[in-house]
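The values are calculated or read from the model by the stated rules, or taken from the named source; none is laboratory data. None of the values given here were measured: they were computed from a predicted structure. Neighbour counts run over all protein chains shown; Cβ positions are idealised from the backbone, glycine included. These accessible areas exclude ligands, DNA and RNA; they are computed on the full protein's heavy atoms, side chains included. Shrake-Rupley method; radii C 1.70, N 1.55, O 1.52, S 1.80 Å.
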Amino acid sequence: MTDDLPPLEAEIRRRIAAAGPMPVAQYMTLCLTHPEHGYYVTRDPFGAKGDFVTAPEISQMFGELIGLWAAATWKLMGAPENVRLVELGPGRGTMMLDALRAVQIVPDFRKAIVLHLVEISPTLEQRQRQALGGIDVPAEWHQSLEQVPDGPVIIIGNEFVDALPVHQAVMCVDGWHERVVKIADNGSLQFGHARDPIPLFEQMLPPKLRNAPIGAIFEWRADRIALEIGRRVVHSHGAALLVDYGHVESAVGDTFQAVRRQAFTNPLRAPGAVDLTAHVDFQALANAAESLGARVHGPIEQAQFLRRLGIETRAEALRKGSPMSVNADINNALIRLTSEETTGMGRLFKAIAFGDPKLGELPGFESWHIDGETHDGRVFGALRRT
Ligand code: SAH
């Protein structure tokens, strides 16, 4: 009965038939990173003709500013030799290429860089090797952050965490149950929940999320990446910057979503052929990295972060001497990246950084003053786990 199905859907159904309903996180892992049929493994999904467009693909300004952020952070670190510049999930390599071009104005930094690209997809790794092939900076590829050698480090990542598998739990009469994917009576893939509740789940939730109503959904990711980032920036000295979309404070809600050709679609249809993501819980990331001694900076909205790094000045420099049509593109990109409308990228996306506490404040996250009041750039100082 699974013979005519695409191979990944057939495999998912075989696994469910053999082992029972599959947690959403396992479904997401298989769909995105199955070694043969996973979404990222079989294609290059980016760009105007692809499924989605990311900030570095919208404009070179994004990667350039991230590059300058890295250079400024490197100076704060005391300008170490052999600094590992790590990118998590580099996609087409566009952000890194723009970053390296921008840091030509800080030649000592550029000379000190050893690149480490963390990429799970061999297809995208090839793409990145092509993009970065012509540059005079040594580069290595790894499948996980753990494989990057220890040492002074600057980690960057755009839209990386949202692609990591998310677990979901559903509140039922007798407590929280893991949300699963099952085969319904009519033969289609459907959401359900595991038979038994997850022991002690309620106690692990932030206090204000306890007593959630029946049907509420809570999402969480493995802490591994945030713990590894926290460990590295403290013990090997350095900092990390992640830009992604999500919520500043842990909350209930179902954000597991599928996108194909820039439109939302059903996450249980066409597994492996559509992009699956879920919002990032920045509070959870911050708590994990902080538990290993990292100082957390932000999160702040992307619009504010890019403005503080000087996106408007950069846009003006690019406009000078460009033909009118290019000027219009630059203006459109600037508006897109910094739009603060409810669904604008500038607002939905946030920047968070983790640093060795010895570094003090990091670029873009410094204290600032509005109407005589001092804000310290740590928007959720008040939300720490108690
Ligand atoms: N940063 C890029 C791409 C974002 S998409 C941009 O902004 O355009 C997510 C990227 O993370 C892809 O390169 C994908 O292949 C990679 N990725 C997804 N899951 C991964 C994992 N578990 N480990 C390493 N890389 C992963």
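Within the bounds of the range 158-166, is there any residue that is in contact with a Phe, Trp or Tyr (Cβ under 7 Å, 6 or more places away or on another chain), farther than 21 Å from A70 by Cα, hydrophobic (A, V, I, L, M, F, W, C) and modelled with pLDDT of 95 or more? Quick ask: steps written out before the conclusion?
Initially, the range 158-166 is screened for residues in contact with a Phe, Trp or Tyr (Cβ under 7 Å, 6 or more places away or on another chain), giving 162, 166.
Then drop every residue that is not farther than 21 Å from A70 by Cα, which leaves 162, 166.
Filter once more, keeping what is hydrophobic (A, V, I, L, M, F, W, C): 166.
Cutting the leftovers down to modelled with pLDDT of 95 or more gives us 166.
For the range 158-166, residues in contact with a Phe, Trp or Tyr (Cβ under 7 Å, 6 or more places away or on another chain), farther than 21 Å from A70 by Cα, hydrophobic (A, V, I, L, M, F, W, C) and modelled with pLDDT of 95 or more: present.
Scan the range 57-78 for residues that are surrounded by fewer than 21 Cβ atoms within 10 Å (Cβ to Cβ) and not in a helix (DSSP H, G or I) and jot them down. Residues satisfying the conditions are M77, G78.
Checked against the criterion of being closer than 21 Å to T42 by Cβ, touching a His at 6+ places or on another chain (Cβ under 7 Å) and either open to solvent by less than 10 Å² (accessible area, probe 1.4 Å) or within 16 Å of the ligand (Cβ to nearest atom) (or both), the candidates V148, V118 yield just one match: V118. Criterion applied to G134, G91, G63 was being without any contact (Cβ under 8 Å) to a residue 24 or more places away in the chain and not aliphatic (A, V, I, L, M), and the one residue passing it is G134.
Examine the range 272-290 for a residue that is open to solvent by less than 70 Å² (accessible area, probe 1.4 Å) and without any contact (Cβ under 8 Å) to a residue 40 or more places away in the chain, and state whether such a residue exists.
Start the filter on the range 272-290 by keeping residues that are open to solvent by less than 70 Å² (accessible area, probe 1.4 Å), which leaves 272-290.
Those still in the list that are without any contact (Cβ under 8 Å) to a residue 40 or more places away in the chain too: none.
No, the range 272-290 contains no residue that is open to solvent by less than 70 Å² (accessible area, probe 1.4 Å) and without any contact (Cβ under 8 Å) to a residue 40 or more places away in the chain.
Consider only pairs whose beta carbons are under 9 Å apart and that are at least six residues apart or on different chains; among these, list those whose first residue lies in the range 104-122 and is of a type in the set (K, R) and whose second residue is within 16 Å of the ligand (Cβ to nearest atom). Between residues of the range 104-122 that are of a type in the set (K, R) and residues that are within 16 Å of the ligand (Cβ to nearest atom), the close pairs are R110/L100. Within the range 88-96, identify whether any single residue is on the phi > 0 side of the Ramachandran plot and away from the ligand (no atom under 14 Å from the Cβ), and answer yes or no. No, the range 88-96 contains no residue that is on the phi > 0 side of the Ramachandran plot and away from the ligand (no atom under 14 Å from the Cβ). Every condition in (1) open to solvent by 70 Å² or more (accessible area, probe 1.4 Å); (2) over 20 Å from A163 (Cα atoms) is met by Q262 except one, and the failing one is (2). Strands (runs of 3 or more DSSP E) fully within the range 150-213 that include at least 3 residues being on the phi < 0 side of the Ramachandran plot and among the aliphatic types (A, V, I, L, M): 153-158, 167-172, 175-183. Kindly indicate whether E81 is open to solvent by 40 Å² or more (accessible area, probe 1.4 Å) and either within 30 Å of V180 (Cα to Cα) or away from the ligand (no atom under 16 Å from the Cβ) (or both). Spelling it out, E81 is indeed open to solvent by 40 Å² or more (accessible area, probe 1.4 Å) and either within 30 Å of V180 (Cα to Cα) or away from the ligand (no atom under 16 Å from the Cβ) (or both).
If you scan the range 235-258, which residues turn out to be hydrophobic (A, V, I, L, M, F, W, C), more than 14 Å from the chain's Cα centre (by Cα) and either at pLDDT below 95 or open to solvent by 30 Å² or more (accessible area, probe 1.4 Å) (or both)? Let's see the steps before the verdict.
Our first condition is that a residue be hydrophobic (A, V, I, L, M, F, W, C); within the range 235-258, this holds for 239-243, 248, 251-252, 256, 258.
Filter once more, so that each one left must be more than 14 Å from the chain's Cα centre (by Cα): 239, 251-252, 256, 258.
Correct list: A251, V252.
Confirm whether I16 is β-branched (V, I, T), open to solvent by less than 10 Å² (accessible area, probe 1.4 Å) and within 19 Å of H193 (Cβ to Cβ). I'd like the intermediate steps shown before the answer.
On the way: β-branched (V, I, T): yes; open to solvent by less than 10 Å² (accessible area, probe 1.4 Å): no; within 19 Å of H193 (Cβ to Cβ): yes.
Against the criterion (β-branched (V, I, T), open to solvent by less than 10 Å² (accessible area, probe 1.4 Å) and within 19 Å of H193 (Cβ to Cβ)), I16 does not qualify.
Exactly one residue among T54, T33 is within 21 Å of Q302 (Cβ to Cβ) and either touching a residue at least 40 places away in the same chain (Cβ under 8 Å) or surrounded by 21 or more Cβ atoms within 10 Å (Cβ to Cβ) (or both), and that residue is T54.
Condition test on L85, is it outside any loop (DSSP other than H, G, I, E, B) and without any contact (Cβ under 8 Å) to a residue 60 or more places away in the chain?
Numbers: outside any loop (DSSP other than H, G, I, E, B): yes; without any contact (Cβ under 8 Å) to a residue 60 or more places away in the chain: no.
No; evaluated as a whole, the condition is false for this residue.
Within the range 126-145, the residues that satisfy the criterion of being of a type outside the set (S, T, N, Q), within 11 Å of the ligand (Cβ to nearest atom) and open to solvent by less than 40 Å² (accessible area, probe 1.4 Å) are H142, L145. Find the residue count for the range 112-137, including only residues that are assigned to a helix (DSSP H, G or I) and under 21 Å from V233 (Cα atoms). Residues that pass the stated criteria total 1.
Please determine whether any residue of the range 98-118 is under 15 Å from the mean Cα position of the chain (by Cα) and at pLDDT 95 or above. Step through it out loud before you land on a result.
Here is the first cut: in the range 98-118, the ones under 15 Å from the mean Cα position of the chain (by Cα) are 117-118.
Now restrict to residues that are at pLDDT 95 or above: 117-118.
Yes, there is a match, as at least one residue in the range 98-118 is under 15 Å from the mean Cα position of the chain (by Cα) and at pLDDT 95 or above.
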